[in-house]
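Notes for the one structure printed next.
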Amino acid sequence: MLLRFSGIFTLIFFTLFSANIFANPAGNSDDNKEFDVNEMIMHHIKDAHEFHIMDIDGHAVSFPLPIILWTDNGLVTFLSSKFNHDDSGKVVVDINGQFFVKYHEKIFYADNANGDKYISYDETGNVANKKPLDLSITKMVFSMFLSMLLLVLIFVATAKTYSKSRKGEPTGLGKFTEPLILFIKDEVALPMIGEKHYQRYMPFLLTLFFFIWINNVMGLIPFFPFSANLSGNIAFTFVLAAITFIITTVVANKDYWKHIFWMPGIPVPMKLFLAPIEFLGIFIKPISLMIRLFANISAGHIIILSLISLIFIFKSIWLAPASLFFSVFISLIEVLVVAIQAYIFTMLSALYIGSAIEEHEH
Amino acid sequence: MDLVTPDIGLIFWTTVSFGILYFILAKFAWKPILGAVNEREQSIKDALSAAEKAKDEMENLKSDNEKILNEAKLQRELLLKEAREIKSKIISDAENEATEKANKLIESAKTAIENEKSAAMKELKHTVVDLSLNIAEKLLSKELENKEKQLENIQEILDKTKLN
């Protein structure tokens, strides 16, 4: 069943993905431009203010998303379609006397000083324009809301199936989701946190695991409304790692701090030597969490996109079978990797929390 | 560098989303699901311990039964032994009584015989005396018919009868 599903899934994946890439260069205003692999890949793994679905005859078909800005004059909201698919700072949007341009998926105040050019650069070549605080519902935020909706639907439905069962056995959807929940309980929470406290952290660990996993999987599905590389975005992984860090720090007991600043059982010079290392460890642990998930998921996307791009780099259709074969192969591995990464993130979070509340006996 | 610079907007939305998701799922999904799972696990644990208890009880019952059986066996043995003793006692008592009675009977028979015998002897003596008297009477009457003869006879009798 799973095999057949993944087969269909990969088929859809590649028909749509390839179509997307074929169409993408045409979407740019300059048709003669050389195909830029780097730009294409970066465009795919980064955030965007509109959800690009495909191009038809050189016209981008995209799902407009709301842009929410906190400007000097307060809150400003409008639809991303006002930029008319422009991402090079050429289209100015006028909202109540404030002018905005979009340049490389960032919103700037339009700079009127240079005549028809609205973007000005400083000496190092960076954009010098001022930026409003951008709280837009971007492609990734949209994807995140979608994942939340799916999670709530799936697990509230799961919870409902228990009321139908007589002896608390899972029925219907619960038969699929319960083993996953029990996996987090028995393989993550219990061994990492321990019998005594694990129940307190179960909701967090479950939410964390399924939130990461579903977003990983949604990132792998290459068509609208999925394909956003949310879990491969550093802001996303930063927030999750920060939550783990905050929980670890807040719930930590005396033993935890003692083991960091004054490690028992070793001579004083070693204590002095270890204290700064252990102190840095407090921050390195969540940072490693953040980077691991971000790098793994982004790398997966980059590899698949690169393999597809081989066809365009070599400008030969005959390379397509090899390119497709390897993409399928990597995609299958990615299906595994995204589950493992969600598991590792959850497991390490549980481990850090567990080590913070561990009671030492000495 | 762009790739590794966290975007403020996304940080904001991720925080908000995760918070909302956490509370919704914790309240409407994890609580009932984990509740059901824990309850089920508890009931399984209870059932297992109950089974264990029942097994122990069975074991106890079994050993009790064995004890009772052993006791019963012992009692039977005892009863049988007693019965056997009683039997042999009754038999020996009966034997003794029988011999005693037989002896008594023999004794009384002996005395009766003795009595009869002495009575018979007495009667015999009487009869003999009577007879002798009669004979003597008849003889005397006859003898006395002639004197010489009488004297002769008396002499004869006196001779024959030694006085002692």
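Things to note:
- All positions within segment A:160-178 that are assigned to a helix (DSSP H, G or I) and either at pLDDT below 90 or away from every other protein chain (no Cβ under 11 Å) (or both): A:Lys160, A:Thr161, A:Tyr162, A:Ser163, A:Lys164, A:Gly174, A:Lys175, A:Phe176
- Considering each residue of segment A:353-361 in turn, none proves to be of a type in the set (S, T, N, Q) and closer than 26 Å to B:Val4 by Cα.
- Pair list, Cβ under 7 Å, 6 or more apart: segment B:122-139 residue closer than 19 Å to B:Ile157 by Cβ, other residue among the charged types (D, E, K, R) and surrounded by 10 or more Cβ atoms within 10 Å (Cβ to Cβ): none
- Flag for A:Ser355 being touching a Ser or Thr at 6+ places or on another chain (Cβ under 9 Å) and closer than 30 Å to A:Phe35 by Cα: no
- Filtered residue count, segment A:198-209, keeping only those that are polar (S, T, N, Q) and at the interface with chain B (Cβ under 7 Å from one of its Cβ atoms): 1
Yes/no matrix, rows are residues, columns are (1) closer than 14 Å to B:Thr14 by Cβ; (2) more than 14 Å from every other protein chain (Cβ to nearest Cβ):
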residue	(1), (2)
A:Gly232	yes, no
A:Phe238	yes, no
A:Phe245	no, no
A:Trp257	no, yes
A:Trp262	no, yes
A:Gly281	no, yes
A:Lys285	no, yes
A:His301	no, no
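- Residues in segment B:10-34 that are over 30 Å from A:Leu69 (Cα atoms) and either at pLDDT below 90 or facing chain A (nearest Cβ under 7 Å) (or both): B:Ala26, B:Phe28, B:Ala29, B:Trp30, B:Pro32, B:Ile33, B:Leu34.
- Residue in segment A:291-302 that is in a helix (DSSP H, G or I) and more than 20 Å from A:Met140 (Cβ to Cβ) present: no
- Checking each residue in segment B:1-38 for being aliphatic (A, V, I, L, M) and either under 16 Å from A:Ala242 (Cα atoms) or in a loop (DSSP other than H, G, I, E, B) (or both) picks out B:Met1, B:Val4, B:Ile8, B:Leu10, B:Ile11, B:Val16.
- Candidates in segment A:179-197 are the residues that are in contact with a Gly (Cβ under 9 Å, 6 or more places away or on another chain) and in contact (Cβ under 8 Å) with a residue 60 or more places away in the chain; of these, the one that is nearest to the other protein chains (Cβ to nearest Cβ) is A:Ala189.
The values are calculated or read from the model by the stated rules, or taken from the named source; none is laboratory data. Only a predicted model underlies this, so the values are computations on that prediction, with no experimental measurement involved. Glycine also receives a Cβ, built like all others from the backbone with ideal geometry; neighbour counts cover every protein chain displayed.
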